[in-house]
């Protein structure tokens, strides 16, 4: 079973405008709503790829109810912990012809200590033996920065493998729990390493160092350049074909979904990371937050290159 954890989900409201004019009226030409948040996006992408998962996290208020209905419509299973305050709503303004996106991310609710205890109690009720748990995104206000470390330790004690996709203090604390896998981008890895990572060898050395602390898989996302992927005894450069990007929202989450679907299907590491890059790239071809589409993933997969770069 695959579980995803999103402690700070959001109802994503996409607005299309011809151009953004400051201090003037901007006419919206199209709009749509998506259930968002990094872990939720992973669950949605897993569904697009033909897999199943269960989305976990906090949910509250009208926005939360709308999100649950949207997820049901997409066929995504959820087991959310209810909170009193309203789930946040993010506004994403896109100009399709100019290919720009402006994101206005809300702060979100304050989660209480009792809410946090209730979430951990829910987590303990799940059958986590041989499960894969993806933990990703920002932390809501009220949750300690050590939260991801606590979740990782809990699920891995119960037989699951954890994958962490986080930033800043959440990543640094999470690394102490030795998750099975992490997927930072270069900026996030640089923050964890505490030094500039200006070249590919710099990035690779930092990824290998993290791997040698006890983390089995390190996937460093590099946008159009794909992934640097490190595991026991090997490291790879995985590069997608050039594409015309429509939206970057959810690309990293689609890559995580691609990796997890293949990993839980028993595929080789090379197949897992190639599929991750294909899924992440496929997400950039879809507008808004539609994430990866299976037909695009299958087409792109044949064009993803993978090169061994060293023995890790």
Requested in this report: Would you check if there is a residue in the range 13-27 being farther than 28 Å from residue 100 by Cβ and outside any strand (DSSP E or B)?
Outcome: no
Query raised in the report: So which residues in the range 51-96 are buried (at least 20 other Cβ atoms within 10 Å of the Cβ) and within 21 Å of residue 279 (Cβ to Cβ)?
Result: 53, 55, 71, 76, 92
Requested in this report: Just give me the residues in the range 118-148 being assigned to a helix (DSSP H, G or I), out of contact with any strand residue (DSSP E or B) (no Cβ under 8 Å at 6 or more places or on another chain) and over 20 Å from residue 42 (Cα atoms), in sequence order.
Outcome: 120, 121, 124, 125
Report task. For residue 201, state whether it is in a helix (DSSP H, G or I) and farther than 26 Å from residue 282 by Cβ. Result -> yes
Report task. Residues being touching a strand residue (DSSP E or B) at 6+ places or on another chain (Cβ under 7 Å), over 13 Å from residue 116 (Cβ atoms) and not in a loop (DSSP other than H, G, I, E, B): count how many of those fall in the range 149-163. Result -> 6
Requested in this report: Output the residue which, of all residues in the range 117-150 that are out of contact with any helix residue (DSSP H, G or I) (no Cβ under 7 Å at 6 or more places or on another chain) and on the phi > 0 side of the Ramachandran plot, is surrounded by the most Cβ atoms within 10 Å (Cβ to Cβ).
Outcome: 142
Report summary line: Restricting the range 12-50 to residues that are in contact (Cβ under 8 Å) with a residue 60 or more places away in the chain, in contact with a helix residue (DSSP H, G or I) (Cβ under 8 Å, 6 or more places away or on another chain) and more than 17 Å from residue 79 (Cα to Cα), the one surrounded by the most Cβ atoms within 10 Å (Cβ to Cβ) turns out to be 45
Query - Residue tally, condition within 20 Å of residue 110 (Cβ to Cβ), surrounded by fewer than 16 Cβ atoms within 10 Å (Cβ to Cβ) and in contact with a helix residue (DSSP H, G or I) (Cβ under 8 Å, 6 or more places away or on another chain), over the range 151-179 - result: 1
Query raised in the report: Which condition breaks for residue 101 when tested against (1) closer than 19 Å to residue 126 by Cβ; (2) assigned to a strand (DSSP E or B)?
Result: (1)
Query raised in the report: Among the numbered criteria (1) modelled with pLDDT of 95 or more; (2) under 19 Å from residue 34 (Cβ atoms); (3) in a loop (DSSP other than H, G, I, E, B), which single criterion is violated by residue 106?
Result: (1)
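The values are calculated or read from the model by the stated rules, or taken from the named source; none is laboratory data. Just so it is clear, the model here is predicted, and its values are computed rather than measured. Cβ sites come from the backbone with ideal geometry, for glycine too, and all protein chains shown count toward neighbours.
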